[in-house]
Amino acid sequence: MEQITIYVSEVIRYLPQKSQSEIKKELTANIMDMVDELTSGGMSEKDAILSVLSKMGNPRLLADQYLDKKAYLIGPRYYPTYLVIVKIVAGAVALGITIALSVQYLFSTDASIFQTLVQWLGSIFMGVVQAIAWVTLIFAGVERFEEIGVLKNMDIELDDWSVKDLPKSQRNSKKSDRIEGLVGFLFAVIFLILLNTRLELFGVYMFDQGTLTEIIPVFNMENASTWIPLLSIAILFTAVSDGIAMAIRNQTRNTMWFRLVLNLLSFIFFAYVLINGNIFNVALATQIAPDSVELQNLWTWAQRNVVVIIVIANLISMAIQTYQIARFNKA
């Protein structure tokens, strides 16, 4: 009987959570009926269970039969999560733009209410559209990766399966930290949008008697077109990795390996941009306080050492991921 429980749990782990309970009851009942039919004919219960499960085949393929396999951009497994994330990201982007423009209007003497309103509406529209586009792209990518087998169990050929390939007990899958994935995903998408649309917001805000006089950019605006695409690719890899952690409730060894590869690619692009992209405004400290040698030295030190900090942080993170993969108990 335990084999039936294990088999059913292997099937429903690939299904949307809302349908798991119903399909679990239905599938268990069907299997028990077929086993009872064989045992009533004189077959032992053990042999009957082995025969039924062998005929039913690979749990992954059986699970696919329960899914509506129409030509969806975002399939039914991920669509509810997709809708929630779209709403959260769009709302966060709209809120961020509203706050930024409100601060700009309150502390600026040049902008009129009408100009600010028009700018706000335009920025909200473009920001939300881009947010939806990026989220859709990432979820569609997760869907496609799964379809081509990237996120499937590569340890067993799908068509070459037998009952002996079942785990010895109900799978104790590594649970993805979905909250961490959600936070990382939101941060990556919002930063990606602002990086490509409102780069000037990343800066030091200079005030004179309560009036915003200048925003000194942190990034190098003159050559932004050369490093923004590469940095965007790095952020996109990170967003996809976090999107997988967020969307897939039960992590397998393959999803963990895939996320590690994505994080490695992201790290390579980040490091390349930071080392060769000249992305920071080298005159930032001088523009803030022309006579402050200490601030200039601090900014020079920060630019030089941010690469080291990011390299160490990413190496530690990837080492932890590798350790988790090595310790992952498939049984």
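Overview of values
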read-out: Ranked by how many other beta carbons lie within 10 Å on average, peptides 127-140, 29-42 from highest; value: 127-140, 29-42
read-out: Fully extended contour minus Cα-Cα distance, from Asp208 to Leu61, at 0.36 nm per residue; value: 46.3 nm
read-out: Listed peptides 187-199, 275-287 by packing density, highest first (mean Cβ within 10 Å); value: 187-199, 275-287
read-out: Pairs from Lys24/Lys164; Lys55/Lys164; Lys18/Lys55; Lys18/Lys87; Lys24/Lys87 whose Cα-Cα separation, in the structure shown, is over 23 Å; value: Lys18/Lys55; Lys24/Lys87
read-out: Along each principal axis, Cα extent of region 1-67, largest first, Å; value: 38, 19, 18
read-out: Glu180 versus Ser225: modelled label distance in nm, points set 7 Å from Cα along the beta carbon direction; value: 4.1 nm
read-out: Net charge, Pro217 excluded, C-beta distance under 15 Å - Lys, Arg +1, Asp, Glu -1; value: -2
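Rule-based calculations on the coordinates, nothing more; no lab input. As the structure is a computational prediction, the values presented were derived from the model and not from experiment. All Cβ positions, even for glycine, are placed from backbone atoms using ideal geometry, and neighbour counts span all protein chains on display.
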